[in-house]
Amino acid sequence: MRAFRNILSLLSSGSALGNGIRVAHCKPAIASLLVLALFSGSPVHALFGFSHKKKPASSSDPLLTPDQLTLLRRAAFRERFLIQVIQQHTPLIQTYIQRVRPDRELGAVPSSDEYLLGRVDFAGRFNEVLYKRPFATTGTLGIPTNLIDKLTGLFRLKMAPNGYMDMMFVDFRSFDFRHYHFRFIRREFLGSVRTSVFDVTPRLGSGRGRFVGRIWIEDQDANIVRYTGTFSNPGLHQVYFHFDSWRGNVQPSIWLPMAIYVEDRDFRAQSHIWGYGFRLPSAIVADNQTDAIERTEQADASSQDMSPLEAQRDWESQSERNVLDRLTQAGLLANPSDFDKVLQTVTNNLILGSNLALPGDVHCRVLLTSTLESLAVGNTIILSKGLIDVLPNEEDLAAMLSFQLAHIALRHSIDTRYAFSDRLYFPDEHTLQQILLSHTNVQNQEAAAKAVDIFHASIYANKAGSVGLFLAQLLQTERHVPALLSPRLGDPLTSPSGAPWLAAFEQQAPPLQINDLQQIAALPLNSHLRIDPWTDEVFSLNFSPAPLLSARDKMPFQITPIYYRLQRYKAPEAGGPSSAAAAEH
């Protein structure tokens, strides 16, 4: 409680929330909830976004054409239909928040952060179930997690009408002409999708918490595909922040929420939503793994018996398959996709360079979380999406893969108790507590030394300085982003002392020069991959890097605004990926 009061005191003394409303001006209970909303990973605009009180549109607003009126009526109908559709799904929502402070050279840099991962059940009521880390006794801000859990549980019950649901919908209660004025702005393409853009303001007397902002309606089925703004008429102790919400065309004529960006003067947040399909795919393991299983099943009675060593390795492989299946089912592990082949190619380059003798074929997968971590599950190397996103070069990716490849080479094996499938029968929200995959500090130290040898024997050997540059940037930023660097499943990038496990690479790195525009040490979040919210596959972003004009354009490890080049749903081709992409950055 003392740490919690210290945070309240710190915030109330210097930081304004919204338009001049300070935490200190609120009642203690409300102040606690405001701080909690900002830092516990509950970015709900019931208390998360302040807006000036705006006057409702007057009767002198430009008249809408019959076609525009029809489009808006269809959009209101589609919004009600979307509510019915989404109630049939239980997607995952990942929210990452960075509080920022001014910086003379970089403009703004992170000063603290918080991370939240949960599954939302829309069936009848709002209910968020958190995926909690194991053994966490305090939050990244020093607040005991048991206190956070109790307060956030109470808080979510109170904010339900204007919580995540309102950020995913323009108006969950009543989006219609009776409650809103509409003004046509222009036609605009978002990617390949043609839209009509309208400004929306609530009518006088329509009540609190009404949407104020701008909407984009696609011209084919009249779905709202993007909306930016806030909510009107906050109460005495309410603070509304502004948000930008995007939807993806995940199925024919179905557009579902996939990402939300929230920003105010001293913090930024991103929420990413996936897992709508929520099913085990027909081929949940990579093709080569499947082939190995089929070869085993096809063995006839005349085949040679297994030796004890072969039986042990087969037992470990069974544990690996069970864990990968369960992580995929829980929505944490991306379904196999073409990007896995990119990771596989880099891994093969490392294996060939060192001529490693390994117990079996090595495979690669992607963890869907934004936290920077890596892990090895048997012979499968897994890197988090967040880690992949911030790595600027292929050699940096190779270094991260070499760390887990070293664990495999050193036979730091998976816990074979998971070969018993019944050990994995538990609710999804308990996954991070029930499946323990991180290595010990001693094992990580051994793997780090081995990883350096593997890297220097590979085609990437003369690019070790780039890896050291990334680690130098990490060291400069790490104390401001503890949540980002706290792994949920696997191994962290840094040791308990704060030094990177792969610190040996720093010796070959050039000095970190913030103002050198040719030197890119680390990238912003979401720089390489996006998630298909229906299939849980990852896809590489397709864009040409914009030229840097100043040090402020670098934004290492930072949250940035979201922009999607929307595309309409395309049925997957036979033998192709399980789903076509609905959007591109």
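The values are calculated or read from the model by the stated rules, or taken from the named source; none is laboratory data. Keep in mind the model is a prediction, meaning the values are calculated, not measured. Cβ: placed from backbone, ideal geometry, glycine included. Neighbour counts: every protein chain shown. Quick note on the areas: whole protein, heavy atoms, side chains included, nothing else; ligands and nucleic acids left out. Shrake-Rupley method; radii C 1.70, N 1.55, O 1.52, S 1.80 Å.
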Positions within the range 91-116 being assigned to a loop (DSSP other than H, G, I, E, B) and open to solvent by 40 Å² or more (accessible area, probe 1.4 Å), in sequence order: ARG104, GLU105
Any chance PHE278 is crowded, with 23+ Cβ neighbours inside 10 Å, modelled with pLDDT under 90 and of a type in the set (A, V, I, L, M, F, W, C): no
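Taking the stated definitions as given, is PHE182 modelled with pLDDT of 90 or more, in a loop (DSSP other than H, G, I, E, B) and open to solvent by less than 60 Å² (accessible area, probe 1.4 Å)?
On the way: modelled with pLDDT of 90 or more: yes; in a loop (DSSP other than H, G, I, E, B): no; open to solvent by less than 60 Å² (accessible area, probe 1.4 Å): yes.
No, not satisfied.
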Single residue of the range 252-278 satisfying the filter (more than 16 Å from the chain's Cα centre (by Cα) and assigned to a strand (DSSP E or B)) that is nearest to PRO533 (Cα to Cα): LEU256
Scan of the range 531-565 for residues that are touching a helix residue (DSSP H, G or I) at 6+ places or on another chain (Cβ under 9 Å) and outside any loop (DSSP other than H, G, I, E, B), ordered by number: ILE531, VAL538, PHE539, SER540
Hey, ALA399 buried (at least 18 other Cβ atoms within 10 Å of the Cβ), at pLDDT 95 or above and out of contact with any strand residue (DSSP E or B) (no Cβ under 9 Å at 6 or more places or on another chain) or not: yes
Residue, modelled with the lowest pLDDT, within the range 185-210, restricted to residues that are within 20 Å of THR70 (Cα to Cα) and charged (D, E, K, R): ARG203
Count of residues meeting criterion [loosely packed, with under 14 Cβ neighbours inside 10 Å and among the polar types (S, T, N, Q)] in the range 422-462: 4
Residue tally, condition open to solvent by less than 10 Å² (accessible area, probe 1.4 Å), in contact (Cβ under 8 Å) with a residue 60 or more places away in the chain and not in a loop (DSSP other than H, G, I, E, B), over the range 194-210: 2
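Would you be able to say whether some residue in the range 155-168 is in a loop (DSSP other than H, G, I, E, B), surrounded by fewer than 21 Cβ atoms within 10 Å (Cβ to Cβ), modelled with pLDDT under 95 and not acidic (Asp, Glu)? Spell out the reasoning first.
Initial filter on the range 155-168 (in a loop (DSSP other than H, G, I, E, B)): 163.
Okay, now just the ones that are also surrounded by fewer than 21 Cβ atoms within 10 Å (Cβ to Cβ), so none.
Looking for residues that are in a loop (DSSP other than H, G, I, E, B), surrounded by fewer than 21 Cβ atoms within 10 Å (Cβ to Cβ), modelled with pLDDT under 95 and not acidic (Asp, Glu), one finds none in the range 155-168, hence no.
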Subset of the range 337-366 that is open to solvent by 30 Å² or more (accessible area, probe 1.4 Å) and among the acidic types (Asp, Glu) - its residue that is nearest to GLY378 (Cα to Cα): ASP361
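Residue by residue through the range 211-251, note down the ones that are outside any strand (DSSP E or B) and modelled with pLDDT under 95. Explain how you work it out, then say what you get.
To start, the set of residues in the range 211-251 that are outside any strand (DSSP E or B) comprises 219-223, 232-239, 241.
Answer for the range 211-251, where residues must be outside any strand (DSSP E or B) and modelled with pLDDT under 95: SER232, ASN233, PRO234, GLY235, LEU236, HIS237, GLN238, VAL239, PHE241.
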Qualifying residue in the range 468-477 (condition: under 25 Å from LEU352 (Cα atoms) and either open to solvent by 20 Å² or more (accessible area, probe 1.4 Å) or small (Gly, Ala, Ser) (or both)): yes
